[in-house]
Structures are given as C-alpha cells and as structure tokens.
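Report on one structure; see the data block that follows.
The values are calculated or read from the model by the stated rules, or taken from the named source; none is laboratory data. This one's a predicted model, so the numbers in the text were calculated from it and none came from an experiment. No Cβ is skipped: glycine too gets one built from the backbone with ideal geometry, and neighbour counts run over all protein chains shown. Note: areas computed on protein heavy atoms with side chains; ligands, DNA, RNA excluded. Shrake-Rupley method; radii C 1.70, N 1.55, O 1.52, S 1.80 Å.
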Amino acid sequence: MSHYELDARRMLCPMPVIKTQNLVATLKPGDTVEVFCTDHGALNDVPAWSRINGHEVIATRESDGEISITVRVGDSDG
Amino acid sequence: MSTQRKALSLISGGLDSMLATRVILDQGIHVEGVNFFTGFCVEGHTHAIRKKDRAKPKRNNALWVAETLGIKLHIVDVIDEYKDVVINPKHGYGSNMNPCLDCKCFMVRKAHEWIQAHNFDFIITGEVIGQRPMSQRRDTMPVIQRESGAEDRLLRPLCGKNLPETLPEREGWIDRERLYGFSGRGRKPQIALAREMGIEDYAQPSGGCCFLTDEAYSHKLTDLWQARGERRYELDDIMLLKVGRHLRPRPNFKLIIGREEGENNFLEGYRKQFTHIRTLSHPGPLVLLDGEPGADDIALAARIAARFSKGRDAEQVEVEITPLGAEARREHVAPMPSGEMPQEWYL
Ligand code: SF4
C-alpha cells in the first residue's frame, strides 16, 4: 500500500477532482492520496466524488487557506 | 439471463440530464455519467474566487446529480481539445461566443469514444427538441448523431417519442413507450416530471451551461483575440476573463483589476506571469497588465490602479510597480480622474 501526494493548489474546481480521479485510476485499493488544494469547493467536491466512486475520505485538514484531503482508494474500479 | 445493458449519460448538472438519466435507470439499464470540463463551465468558479460567495454552500452540480441518482460520474478534462470547437466552429456561434451545435457534436463524439473503449451500449442526453435555439432543434438533432459518429446509439429520453427509433429501442433494451415527447422552450413538463419522480432539489435552469453564452464574457474573449491578432487561448487566459474588472486603455495592453479580496487573492497566483501594480499608501486592488505595455503604458496603468484604490481622491498615491521579470520599484502617482477614463475602456 502506497501513499501519494497530489498538488492541486491554485487549481479551481473541478480540476482538483479531475486530478484526483486520474491519479486514483492508476492506484490500488488501500492506497492513499493526500490532495493539497486552495479552492474551498474541493471540500465538497472531493468527498462527493469519493462517495460516488466508492473511495473513502480519511482525513481533512485546513490551515492558512490551504486544504488537504486524504482519500483511501476503494475496491471498486473507480 | 439477458445481458445487462449499459448507457453513458451526459451529465451537465442541470435538471434535464438528471431526468433523462432517471428515465433510463428506471428501465433497468446500468447508467454511468460523464461530465466534460471545457474550462468555460460555470460550475463554481466565480463562487470559489469571490469572497462574498464563499459563505454560500457550494457544490459541483454534476457530482451532486450523480450522487442523488446513485450513479458513477467520470469528469473528463477536454480543455485542449475543446479549443478547436471554440475557435473554429463549423456551424458558427449562437447569440454570443457559444458554439453550441459544434459543442454538442464534440461532447457526444467524446462520449461515443468512451462507450467504445468501455464496452457500453449507448449514450443518453437530456436534450429536448426546441429547448435551445441552436443545438436543440428538430433539424440539428440528426446532425449531432451523424457528426458525433454515435448515430442511432444516441438516445434522448425526454423527446425520444418524437424522434426516429434508435438502436436501444429497436433491440428492446428500452421501451419506447416509456420515453417522453417533450418539445419547446417551456420548462413545465420537466418540472412536473421532476415532481413525479420526487426530485425536488435541482439546479435552476439557466440560459446555458457555460460562460460562452454570457455577453460580457464573450466580449472579453473577442477583445483578447483582437488584441493578440490571433484566435487562441490558454486555460489561464479564460480563467482570468472570469475575474476582476478588465480595462483596455490602449490596444497593446489591458488591466485586470481585482474587485475584492477574493479576486485579489486569486490574481496573486498569477502575479509572477505579468507586470503588476499594487498601491502602498492606500488599500487597493492588485492590478495585472496583460499584453505588452511600454513605459508610458505602465505609467498610465499606475494612475488607473491608484484610481481604483482608497486613495482615489488623494493627490498622490504611492504604488509599487513590478515589470515582468524585473525588480519592483516605488513611485508616487496622481490617481486618474474618472472623467478621463472613457467608458470604452471597460470591457
Ligand atoms: S452553452 Fe456552452 S457548454 Fe452548453 S452547449 Fe452551448 S457551448 Fe456547449
């Protein structure tokens, strides 16, 4: 199981979601991705995308206008 | 057991594609959604930028629709490929810079490629005959089928009863009798169907799904092309057209002026790519200069920047000017009187 970091800072939604989706498509179940972004819309969109596609948000942090959301890849094929 | 048939639905986030998807889900088809991100989509952007909008709950409507319907959603970045649609639309533009018919052909074509790659059987859209003046007319419906290559694998559940039979109907995967025959610009049948299906919360129908239907936005885009002497754009260009006040005092450059804190923060991210000006003695916006400003253009821009600061009535405002790729310098300038800024400067 591997951990990845994804820099989606300064990108506006839905780009952080698209980047997350495209990276997750290449990963294995159980892998985790920490997405760093500055668009607050991601706080809604990344979890919504995760729920729809069977992945799980395991941590969300926010400081200094920067957000980080950690997604654990689920079993489904995304 | 018969094969589980699969459809890909073009999800815009609006009501029509939501209803069309429900109609097909209710016929036992496995449906997944696709949403194409062109860079012009209205979705959330300006909300994300402007501070006053931050407090309002934001959501990506396409994701929300998918979640409500319980389907997967694939969001596809088509930014680069879409440029050709905007720059050279074979069927021309609508009332603004919206190339709706080419856009629909493009999206259905992408969807068609997707279903072939993923072994899906057909495509559905929320199109309704007569709903939109350009792309959703009786005579343009077959154009989309033909030019996209999807042909009779494209089904429009909301108006399918009024259209020729498609493959999914012919093969008996879906029951034509349970499609709808909506037509015209009215929204009543859709709203009634939504109610019947227990869908109460949905994005309000609006003029279009993207910024290209917006007059002011289209004007800024054509101005950009004119100024550059060529029709092309990068994602950053079209993002910046959504933000701030744009003033073009001379053909070779324009100013992008943040209107509030959120926009200033957003423009901060682009500062290094532009000559930029901020006011020091008084609170004011961050101003980016797009184009190729010469020394007196920068001097003029500094006075305009001062004009948009809290020091607009002061005799002198101290500004910091950072030319592209050079060191910042400080200067005192007289704010430009509003009478000297003709309306034509405002894009
Ligand atoms: S409004 Fe924009 S996104 Fe919608 S069909 Fe027209 S060009 Fe395409």
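Non-local amide H neighbours of residue B:244 (under 5 Å, H modeled in plane, Pro and chain starts lacking H): which ones?
It is B:259, by chain and number.
Using alpha carbons only, how many degrees (0 to 90, rounded to 10) separate the axis of helix B:215-228 from the longest principal axis of chain B?
Taking Cα atoms only, the helix is inclined about 60 degrees.
In µm²/s, what is D for region B:245-347 at 20 °C and 1.002 mPa s, where D = kT/(6 pi eta Rh) by Stokes-Einstein and Rh is the Kirkwood radius from Cα pairs?
Values: Rh = 13.3 Å.
This corresponds to a translational diffusion coefficient of 161 µm²/s.
Put +1 on the Cβ of every Lys and Arg and -1 on every Asp and Glu Cβ in chain B; which of B:155, B:111, B:342 then has its Cα farthest towards the positive end of the dipole?
B:155
Within 10 Å of each Cβ in peptide B:59-67, how many partner chain Cβ atoms are there on average? Round it to a whole number, please. Don't skip to the end; give the middle numbers.
On the way: counts 5, 10, 0, 5, 11, 4, 0, 5, 4.
That average works out to 5.
Across the residues of A:7-15, average count of Cβ atoms on other protein chains within 10 Å?
Numbers: counts 0, 0, 1, 5, 4, 12, 12, 11, 7.
That works out to 6 on average.
To one decimal place, what Kirkwood hydrodynamic radius in Å is obtained for the protein assembly as shown from all pairs of distinct Cα atoms? Mind dumping the intermediate values first?
Numbers: mean 1/r = 0.0425 Å⁻¹.
So the Kirkwood estimate lands at 23.5 Å.
222 nm [θ] for the protein assembly as shown, helices only, -39500 (n - 2.57) per DSSP H run of 4+, per residue, to 500?
Computed mean residue ellipticity for the protein assembly as shown: -9500 deg cm²/dmol.
Do any trypsin sites (Lys or Arg not before Pro) in region B:261-343 lie in a loop, going by DSSP, with at most 16 other beta-carbon atoms within 10 Å of their beta carbon, and if so which? List each step's numbers first, then the result.
On the way: sites: B:271, B:272, B:278, B:303, B:307, B:310, B:312, B:329, B:330; in loops: B:310, B:312.
Qualifying residues, ordered by number: B:310, B:312.
Specify the inter-centroid distance of region B:219-237 and region B:254-268, based on alpha-carbon positions, in whole Å.
Measuring centre to centre over Cα atoms gives 19 Å.
Return the whole-Å distance between the Cα centroid of region B:66-131 and the Cα centroid of region B:152-167.
After rounding, the separation between the Cα centres reads 17 Å.
Note down the net charge around residue B:250, summing +1 for each Lys or Arg and -1 for each Asp or Glu among other residues with Cβ under 11 Å from its Cβ. Mind showing how you got there, number by number?
Numbers: positive: B:248, B:254; negative: B:292, B:296, B:297.
Every neighbour counted, the sum reads -1.
In whole percent, what relative contact order does chain B give with Cα contacts below 8 Å and a gap of six or more residues? Intermediate values should be presented prior to the final figure.
On the way: 590 pairs, mean separation 52.0, N = 347.
Across chain B, relative contact order equals 15 percent.
Provide the buried accessible surface between chains A and B in square angstrom, both chains summed, 1.4 Å probe, rounded to the nearest 100.
Values: alone 4600 and 16460 Å², together 19220 Å².
Interface between A and B: roughly 1800 Å².
Rounded to the nearest percent, how much of the accessible area of the protein assembly as shown (1.4 Å probe, protein heavy atoms only) is carbon and sulfur?
Using a 1.4 Å probe with all protein chains present, the protein assembly as shown comes out at 47 percent carbon and sulfur.
Mind listing which GluC sites (Glu not before Pro) in region B:301-347 are in a DSSP loop and have 16 or fewer other Cβ atoms within 10 Å?
Numbers: sites: B:315, B:318, B:320, B:327, B:331, B:340, B:344; in loops: B:315, B:327.
Here the GluC sites (Glu not before Pro) that fit, given the DSSP loop and packing criteria, are B:315, B:327.
Any idea of residue B:79's accessible area? Nearest 10 Å², probe 1.4 Å.
10 Å²
For chain A, take the longest principal axis of its alpha carbons; what is the angle in degrees between that and the long axis of helix A:42-53, to the nearest 10 within 0 to 90?
So the helix axis and the longest Cα principal axis differ by about 10 degrees.
Would you mind checking the tilt of helix B:295-307 against the longest principal axis of the Cα atoms of chain B, expressed as 0 to 90 degrees and rounded to 10?
The angle comes out at about 80 degrees.
Points 7 angstrom from Cα along the Cβ direction at residue B:165 and residue B:280: gap in nanometres?
Going by the 7 Å Cα→Cβ label model, 7.9 nm.
Of B:314, B:266, B:277, which is farthest towards the positive pole of region B:243-345's charge dipole, taken about the Cα centre with +1 and -1 on the beta-carbons of Lys, Arg and Asp, Glu respectively?
The residue sitting most towards the positive pole is B:266.
Relative contact order of region B:6-210: what whole-number percent is it, with Cα pairs under 8 angstrom and at least 6 residues apart? Intermediate values should be presented prior to the final figure.
On the way: 314 pairs, mean separation 52.9, N = 205.
It comes to 26 percent, rounded to a whole number.
Do any GluC sites (Glu not before Pro) in region B:211-309 lie in a loop, going by DSSP, with at most 10 other beta-carbon atoms within 10 Å of their beta carbon, and if so which? Mind showing how you got there, number by number?
Details: sites: B:215, B:230, B:234, B:260, B:261, B:263, B:268; in loops: B:230, B:234, B:260.
Passing both the DSSP loop test and the Cβ count: B:230.
Any idea how far the Cα center of region A:32-73 sits from the one of region A:3-21, in Å?
9 Å
Using the structure shown, select from B:6/B:104; A:19/B:6; A:19/B:83; B:6/B:83; B:83/B:110; B:242/B:272 the pairs with a Cα to Cα distance greater than 23 angstrom.
Values: B:6/B:104 21 Å; A:19/B:6 26 Å; A:19/B:83 20 Å; B:6/B:83 30 Å; B:83/B:110 14 Å; B:242/B:272 19 Å.
From B:6/B:104; A:19/B:6; A:19/B:83; B:6/B:83; B:83/B:110; B:242/B:272, over 23 Å: A:19/B:6; B:6/B:83.
Local charge sum around residue A:60 (other residues, Cβ-Cβ under 13 Å, Lys/Arg +1, Asp/Glu -1)?
So the surrounding residues net to -3.
Over the whole of B:250-258, what's the average partner chain Cβ count within 10 Å per residue? Rounded to a whole number, please.
Numbers: counts 0, 0, 0, 0, 0, 0, 0, 0, 0.
Counting other chains' Cβ atoms within 10 Å and averaging over B:250-258 gives 0.
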